[in-house]
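Okay, so here's the structure we're looking at.
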Amino acid sequence: MERVKKFFVVATLLIIVGELYLSNAQNVCNTLPQDLLPCKPATTPPHPPPPTGECCLVLARGGMSCLCSFVNSNLLPALGIDPDLALQLPAKCNLPHIPNCRIEA
């Protein structure tokens, strides 16, 4: 019984942390992580296709600072999106590019 209680406490904490993390990303740029899913094919190695119009529209709507906030978090890899390929999307979508948006750890 004690193991079940511990499991529920840990699961609840993980859900709360996940919700806070996702709501923080939304507050930064009004774009949810799942909004970037149309960009997934263009950001999946080894030979990604060009980004779709829908992907470019999401990027244009969110802005490059939004893309940088996702690149500098763990959200993109969690969605199966390669952050380095994601940084190539602005040029491929003919959008303004912010150089050096990746924060080196």
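The values are calculated or read from the model by the stated rules, or taken from the named source; none is laboratory data. As the structure is a computational prediction, the values presented were derived from the model and not from experiment. For neighbour counting, all protein chains shown are included, and Cβ atoms are generated from backbone atoms with ideal geometry for every residue, glycine included.
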### Query
Given the conditions (1) modelled with pLDDT of 50 or more; (2) within 22 Å of Pro77 (Cβ to Cβ); (3) not aromatic (Phe, Trp, Tyr), which single one is not true for Leu13?
(1)
### Query
Out of the range 51-63, which residues are in a helix (DSSP H, G or I) and surrounded by fewer than 19 Cβ atoms within 10 Å (Cβ to Cβ)?
Gly53, Glu54, Leu57, Ala60, Arg61
### Message
Quick test of your reading of the structure: Ser69 fulfils all but one of (1) out of contact with any Phe, Trp or Tyr (no Cβ under 9 Å at 6 or more places or on another chain); (2) closer than 13 Å to Cys39 by Cβ; (3) surrounded by 17 or more Cβ atoms within 10 Å (Cβ to Cβ); (4) of a type outside the set (Asp, Glu). Name the failing condition by number.
### Response
(2)
## Note on the structure
Residue count, the range 76-98, condition at pLDDT below 85 and buried (at least 20 other Cβ atoms within 10 Å of the Cβ), comes to 2
